[in-house]
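Computed from the coordinates by the stated procedures, all read-outs in this text should not be read as laboratory data. Not measured: the values here are computed from a predicted model. We place every Cβ from the backbone using ideal geometry, glycine too, and count neighbours over all the protein chains shown.
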There are 2 protein chains.
Amino acid sequence: MTTELAFIAALRALAGTPEARGLMDDAAVLEIGGEKLVLTLDTMVESVHFLPDDPPEDIAWKLVAVNASDVSAKGAEPLGCLYSHALGEESWDESFVAGLAAACAHFRMPLLGGDTVRMPEGAPRSFSLTALGRAHGPVPSRGGAQPGDRVWVSGTIGDSGLGLAALTGRGADGEAAEWLAARYRRPSPDTPLGPALAPWVTAMMDVSDGLLIDGQRMAEASGIAMTMSADSVPLSDAFREIAGDELAARLAAMTAGDDYCLLFTAPPEHTARIRETAAGLGCEVNAIGRISAGTGLSLVHKGVSVPLPDDLGYRH
Amino acid sequence: MTTELAFIAALRALAGTPEARGLMDDAAVLEIGGEKLVLTLDTMVESVHFLPDDPPEDIAWKLVAVNASDVSAKGAEPLGCLYSHALGEESWDESFVAGLAAACAHFRMPLLGGDTVRMPEGAPRSFSLTALGRAHGPVPSRGGAQPGDRVWVSGTIGDSGLGLAALTGRGADGEAAEWLAARYRRPSPDTPLGPALAPWVTAMMDVSDGLLIDGQRMAEASGIAMTMSADSVPLSDAFREIAGDELAARLAAMTAGDDYCLLFTAPPEHTARIRETAAGLGCEVNAIGRISAGTGLSLVHKGVSVPLPDDLGYRH
């Protein structure tokens, strides 16, 4: 893992333009003809980011969804995508394209171009997708949180992690488990929410690796201290039904990742506007913490300070 | 191969927007704030597009060069790139980044963002790069050649193919062979030439798979007939020194690929302007054929019709 961090440091030295945001943010931002173009790239590798027997439709869906989530978190509306396809077995590829078509339609992210390559026999396949979005207003970074801000999250946290557990036989059966498994297989970020919230936030990113680790990253990038209240973290009915809502379950939710919710900060005076904006789009948002002067992430539960778990989420 | 064509046909059905150019062109074109953004994506896979023992600096250079070539052929100036890196052995990755830095500087294509992934143990690695360019004028497609146009090519043809033969022990040794090998390892398309020529051409693309096969693709996309004169095809001194300049050598050059030269068509009245534009940039351009009504590609040598070789270049 140290190797990867060293490598990324070497790349950062290379990415010297302001548009690259020092490769510290989730997306690059380019000004073109007075408009702001947001660009993001994600790669998914067989046996690393998905399993060989995962349904190909779902792999394709997720490839589009994770990039659409990044575009939304930067306050941008999707413009389109380019993707690189590693050819495989014919019917598998057909199913993959069906999933890609469904996701491109759902997220309003038309396919603009790409490349197809043939892998050597037996090699794990990988798929890269570059998504483009256009921001009409400000493009929030991870690094803008200010002392006094509230910390917010959209949607519910932990569904995907519990869904994966259900799929891999480590969790429960039944209707709630199926609902959670679908949340894992086909993440559906509320992509219109990002651009709608962007004018009112000081920092914004999507939660992909875990609420705690992503919160820690936002705190670090902003140079402030963030406190999250575990008891304020929104859980779905299905999550509560299976895992309950005690602290242990909440910590599991906050470190599971694959949520593709928005984590953002905003001054308290924007609270009513933020609630109205989300309600107008049929989305849930919840205030889950505070920003203060200082550094690092800390956690409280029902008003009492609790230690951070050793593992805050997925590190890479 | 049929599978790949069928797959691309399925993708084309998905790419319904005009910006995608039906995935038939080398790049997508997006209008943003009154400017034209050109987007292209290329993936290079170990043991398919490069060999495991190729120098990592050269692999990285080529990844940038082939995309810079596509951007130039669409009349655009480079804006930047995003790329996906498959992590490997530490010193290999460091050398790769050094090559990437050199190429990004050479082609004025700053790194804006990307992704790094860890592959499963022993898996061949793949690298995807998305390049962005901005066109201030027209964005030539493959499909605009008109009867009466001249067919032009920039640079010299066949160097890279002969360089690969030298590297793999199938060719000659010596200074000329080394020069050709460097042309294979570090293709250096004259990227300022594309945007400079764009206002005067009817169709333009880069020669990547072989002059003959790319010429046939341009003829097909334009719905016209193209005739190339083998004896007019420009060969480098090094190429002539090793392979001579008889028809067989010329046919080898015209089917070798990896040239990253510009193939373009223009009305005869622009001949002087095209020569001046190229000379002003220190580039060589040569008229090598004619467009007429009809279909398909045909070949003449010293005024005499010659049959096309069975294999016109690299098909994928």
Original post:
For region B:30-93 and region B:243-316, what is the separation of their C-alpha centers, rounded to whole Å?
Top reply: 26 Å
Original post:
In terms of the Cα gyration tensor, with a ≥ b ≥ c the square roots of its eigenvalues, is region B:2-135 rounded because a/c is under 1.5, prolate because a/b exceeds b/c, or oblate?
Top reply: oblate
**OP:** Under a 10 Å cutoff between Cα atoms, tell me which one of B:Met228, B:Met254, B:Met44 has the largest fluctuation in the Gaussian network model of chain B.
**Re:** B:Met44
Subject >> For region B:2-135, share of DSSP beta bridges that run antiparallel, in % to the nearest 5 >> reply: 75 percent
**OP:** Just name one of B:Ala60, A:Gly282, B:Cys104: the one whose Cα is farthest towards the positive end of the charge dipole of the protein assembly as shown (beta-carbon charges, Lys/Arg +1, Asp/Glu -1).
**Re:** A:Gly282
Original post:
For region A:114-176, what is the Kirkwood estimate of the hydrodynamic radius, computed as the reciprocal of the mean inverse distance between distinct Cα atoms, to one decimal in Å?
Top reply: 17.7 Å
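For the protein assembly as shown, report the % of Cα-Cα distances exceeding 44 Å.
Values: 48631 of 199396 pairs.
Looking at the protein assembly as shown, the distances longer than 44 Å represent 24 percent of pairs.
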Original post:
Rounded to a whole number of µm²/s, how large is the Stokes-Einstein D of region A:150-306 at 20 °C and 1.002 mPa s, given Rh as the Kirkwood radius over C-alpha pairs?
Top reply: 136 µm²/s
**OP:** May I have the count of lysine pairs in the protein assembly as shown with C-alpha atoms under 19 Å apart, counting pairs 8 or more residues apart or located on different chains?
**Re:** 5
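To the nearest 20 Debye, how big is the dipole of region A:170-316 about its Cα centre, given +1 on the beta carbon of each Lys and Arg and -1 on that of each Asp and Glu? Could you put the intermediate results ahead of the total?
Values: 12 positive and 20 negative charges, 65 e Å.
Charge dipole, region A:170-316, about its Cα centre: 320 debye, nearest 20.
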**OP:** Give the shape of region A:174-219 as rounded, prolate or oblate, defined through the alpha-carbon gyration tensor: a ≥ b ≥ c are the square roots of its eigenvalues, a/c under 1.5 means rounded, and otherwise the shape is prolate if a/b is larger than b/c and oblate if not.
**Re:** oblate
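Across peptide A:31-42, how many C-beta atoms of other chains are within 10 Å of each residue C-beta, on average? Kindly include the intermediate steps, with their values, before the conclusion.
Details: counts 2, 11, 8, 4, 5, 2, 7, 1, 10, 5, 12, 4.
Per residue, the number of nearby Cβ atoms from other chains is 6 on average.
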Subject >> Cα-derived Rg over Rh, computed across chain B with Rh taken as Kirkwood radius >> reply: 0.96
Original post:
Say we join alpha carbon atoms closer than 10 Å with springs in a Gaussian network model of chain A; which of A:Gly137, A:Gly289, A:Gly155 then has the biggest fluctuation?
Top reply: A:Gly137
Original post:
Build a GNM of chain B with springs between Cα atoms under 10 Å: which of B:Pro234, B:Pro18, B:Pro192 gets the top mean-square fluctuation?
Top reply: B:Pro18
